[in-house]
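Peer 1: Just passing along the structure, written as C-alpha cells.
The values are calculated or read from the model by the stated rules, or taken from the named source; none is laboratory data. Since we're looking at a predicted model, the values are computed, not measured. FYI the Cβ positions are ideal-geometry reconstructions off the backbone, even for glycines, and counts take in every protein chain you see.
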Amino acid sequence: MDGLNMSRRIRRTPYTDRVEQVGVRGFSVVNHMLLPKAFATSVEQDYWHLLEHVQIWDVSCQRQVQIEGPDAAALIQWMTPRNIGEAEVGQCLYVPIIDDQGGLINDPVLLKLAEDRFWLSIADSDVQLYALGLALGRGMDVRISEPDVSPLAVQGPKSEALLTALFGEHIREIGFFRFGWIEFEGRKQLIARSGYSRQGGFEIYLNGSEHGPALWDAIWNAGQAHNIAPGCPNLIERIEGGLLSYGNEMTRTTNPLEVGMGRYCSLDGSVDYIGRAALKRIAERGVDRQIRGVTFDGGPVPTCSKPWPVRVGDQEVGTITSAIWSPRLGCNVGQALIAQPFWEPGQPVTVQSQDEVLRTGTISALPFA
Ligand code: THG
C-alpha cells in the first residue's frame with residue numbers, strides 16, 4: 001500500500017506549488033503538513049548530489065511554536081532539561097522537551113529572538129498544546145501561537161556561495177546555530193546556519209506565506225549557477241550523520257539519556273524543570289539501552305516502518321529504528337536502541353528486516369565514519 005489521500009487537514013505549504021512544478025513524487029506528513037520525500041532522482045542520487053552541490057528543501061513542517069511574554073523563558077525552562085540561561089539573543093539551541101517521567105515529547109531547535117520571545121522549531125508532535133497546557137495549569141503570563149513562518153532549507157557545500165551571491169556577504173558572518181537577517185521583498189527575514197544535514201547550510205524562516213513562491217524562485221534561479229536541485233531531508237545522509245528523528249528513534253517511551261542527549265541535560269540542580277527528579281533517578285541507576293549505529297548485509301533493505309529485532313544468538317538485544325542502504329559504505333546502515341552490554345562498537349549481531357531476511361551485522365558508533 002502506498003499513496004496518501006489528501007484533504008485540507010493535511011496542510012500545504014507556501015512552497016508546495018513550486019515543489020509540484022519541479023516534479024515531487026511523494027510526500028510524508030509532519031506536524032499535519034506536507035513534507036516532500038522524493039523527486040525524479042533516487043535517494044542515492046540525491047545523496048551524492050547533496051554531498052557535492054546545493055539543494056533547496058521545503059521544510060515548512062518544522063513549525064514554530066512561538067512563546068512570548070514575561071514568563072516565556074520560565075515556561076521553556078520548565079519544558080527542557082537543557083539550561084537555557086546560557087542562550088543569547090541570536091542563538092539556536094537544540095533542546096530536548098520532556099514529560100514528568102523524562103519521556104521525550106520533542107527535540108526542537110530553540111531560537112532566542114528576544115529576552116521574552118522564543119520560537120521552538122519542532123519535530124513531529126504537538127508541542128503547542130503541551131506548552132499551552134503547562135502555561136494554563138501554572139497560570140503563566142505568556143502568549144503561545146503558531147505564527148505564519150515556514151522554513152526553507154538550503155543545504156550542501158555550495159549553499160554559502162549561493163546565498164552570499166543572492167543576499168550579500170554578511171551571510172558568511174553567521175556562525176553555526178546562530179541567526180541573522182536578510183531583506184526580501186521589503187521584509188526582514190530570519191536566516192540561520194543550521195539544517196537537518198551534516199553538509200552545512202542555512203534555513204530561512206520565511207515570515208509571510210505570500211512571499212513563499214518568490215523566495216523559492218529567487219533561490220532556484222540564483223542556484224542554477226551552483227547546480228541546485230530540489231531535495232528533502234536525505235535518509236542515507238541523516239542516518240550516517242547520526243541525526244535523530246522524533247517518532248523513529250524516540251518517542252515518549254525514550255528518554256534523553258538513551259539517545260545521546262545527556263550533554264543537553266542539566267542534572268546538578270542549577271535549573272529546575274518537569275521530569276528533573278525522574279531524569280536524576282535514571283542517571284543514577286544508569287540507562288539499560290542506548291542509541292547506536294548498526295551496519296548489516298543482505299542487500300538493500302525495505303523501508304523501516306516497524307521496529308526490526310536485533311539479536312545476539314537467540315537473544316533479542318534491541319531494535320532498529322531507521323535503516324537504509326548506504327552506497328558509500330556498500331552495506332545497510334541503521335540506527336538502533338541496543339541493550340547493555342551489547343552496545344559496544346564491534347559487537348556482532350543479526351538483524352531481521354521486515355521482509356523477513358536475516359542479516360548479519362555489527363554495532364558501530366554514531367555518526368558513521
Ligand atoms: N531545523 C529546524 N527545525 C527542526 C529541525 C531542523 N525541527 C525538527 C527537527 N529538525 C528537530 N531535530 C533536530 C535534530 C538534530 C539537529 C537539529 C534538529 C541538529 N543537531 C546537531 C547535532 O546533533 O550534532 C547540532 C546540535 C547542537 O550543536 O546543539 O542539527 O533541522 N529549524
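Peer 1: Considering (1) within 16 Å of the ligand (Cβ to nearest atom); (2) in contact (Cβ under 8 Å) with a residue 24 or more places away in the chain, say which one TYR273 fails and leave the rest.
Peer 2: (1)
Peer 1: Considering only region 112-151, how many residues are away from the ligand (no atom under 16 Å from the Cβ), among the small types (Gly, Ala, Ser) and more than 28 Å from ALA214 (Cβ to Cβ)?
Peer 2: Here the count works out to 4.
Peer 1: When you check LEU162 against the structure, is it touching a helix residue (DSSP H, G or I) at 6+ places or on another chain (Cβ under 6 Å), more than 16 Å from the ligand (Cβ to nearest atom) and either in a loop (DSSP other than H, G, I, E, B) or modelled with pLDDT of 95 or more (or both), yes or no?
Peer 2: Values: touching a helix residue (DSSP H, G or I) at 6+ places or on another chain (Cβ under 6 Å): yes; more than 16 Å from the ligand (Cβ to nearest atom): yes; either in a loop (DSSP other than H, G, I, E, B) or modelled with pLDDT of 95 or more (or both): yes.
It is true that LEU162 is touching a helix residue (DSSP H, G or I) at 6+ places or on another chain (Cβ under 6 Å), more than 16 Å from the ligand (Cβ to nearest atom) and either in a loop (DSSP other than H, G, I, E, B) or modelled with pLDDT of 95 or more (or both).
Peer 1: Of all residues in region 256-270, which are at positive phi and within 16 Å of the ligand (Cβ to nearest atom)? Explain how you work it out, then say what you get.
Peer 2: Initial filter on region 256-270 (at positive phi): 260, 269.
GLY260, the sole residue that qualifies.
Peer 1: For region 166-188, which residues satisfy the criterion of being surrounded by 14 or more Cβ atoms within 10 Å (Cβ to Cβ) and either in contact (Cβ under 8 Å) with a residue 24 or more places away in the chain or among the basic types (Lys, Arg) (or both)?
Peer 2: Result: LEU166, PHE167, ILE171, ILE174, PHE177, ARG178, PHE179, GLY180, PHE184.
Peer 1: On the basis of being within 14 Å of the ligand (Cβ to nearest atom), under 18 Å from SER194 (Cβ atoms), assigned to a loop (DSSP other than H, G, I, E, B) and of a type outside the set (Ser, Thr, Tyr), does CYS92 make the cut?
Peer 2: No, not satisfied.
Yes/no per residue for (1) among the hydroxyl-bearing types (Ser, Thr, Tyr); (2) under 17 Å from the mean Cα position of the chain (by Cα); (3) part of a loop (DSSP other than H, G, I, E, B):
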| residue | (1), (2), (3) |
| --- | --- |
| ALA153 | no, yes, no |
| PRO157 | no, no, yes |
| LEU166 | no, no, no |
| ARG172 | no, no, no |
| GLU183 | no, no, no |
| LEU190 | no, no, no |
| PHE202 | no, yes, no |
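Peer 1: Can I ask one more? Can you tell me which residue in region 242-255 is surrounded by the fewest Cβ atoms within 10 Å (Cβ to Cβ), limited to those that are more than 16 Å from GLY318 (Cβ to Cβ) and within 12 Å of the ligand (Cβ to nearest atom)? Walk me through it before giving the result.
Peer 2: Of region 242-255, the ones more than 16 Å from GLY318 (Cβ to Cβ) are 242-243, 245-247, 252.
Now restrict to residues that are within 12 Å of the ligand (Cβ to nearest atom): 242-243, 245-247.
Working: GLY242: 17, LEU243: 19, SER245: 19, TYR246: 21, GLY247: 12.
Filtering region 242-255 for residues that are more than 16 Å from GLY318 (Cβ to Cβ) and within 12 Å of the ligand (Cβ to nearest atom), the one surrounded by the fewest Cβ atoms within 10 Å (Cβ to Cβ) comes out as GLY247.
Peer 1: Continuing with the same structure: How many residues does region 80-110 hold that are buried (at least 22 other Cβ atoms within 10 Å of the Cβ) and touching a Gly at 6+ places or on another chain (Cβ under 9 Å)?
Peer 2: Looking only at that region, the number is 3.
Peer 1: Let me ask something else. Restricting region 63-79 to residues that are in a loop (DSSP other than H, G, I, E, B) and surrounded by fewer than 24 Cβ atoms within 10 Å (Cβ to Cβ), which is farthest from the ligand (Cβ to nearest atom)?
Peer 2: To start, the set of residues in region 63-79 that are in a loop (DSSP other than H, G, I, E, B) comprises 63, 69-71.
Now restrict to residues that are surrounded by fewer than 24 Cβ atoms within 10 Å (Cβ to Cβ): 69-71.
Details: GLY69: 22, PRO70: 26, ASP71: 24 Å.
Ranking the qualifying residues of region 63-79, first place goes to PRO70.
Peer 1: Ok, one more. Any residue in region 119-129 that is assigned to a loop (DSSP other than H, G, I, E, B), without any contact (Cβ under 8 Å) to a residue 40 or more places away in the chain and loosely packed, with under 15 Cβ neighbours inside 10 Å?
Peer 2: Scanning region 119-129 turns up no residue that is assigned to a loop (DSSP other than H, G, I, E, B), without any contact (Cβ under 8 Å) to a residue 40 or more places away in the chain and loosely packed, with under 15 Cβ neighbours inside 10 Å.
Peer 1: Given the conditions (1) surrounded by 15 or more Cβ atoms within 10 Å (Cβ to Cβ); (2) within 14 Å of the ligand (Cβ to nearest atom); (3) under 25 Å from ALA336 (Cβ atoms); (4) not aromatic (Phe, Trp, Tyr), which single one is not true for GLY231?
Peer 2: Unmet condition: (3).
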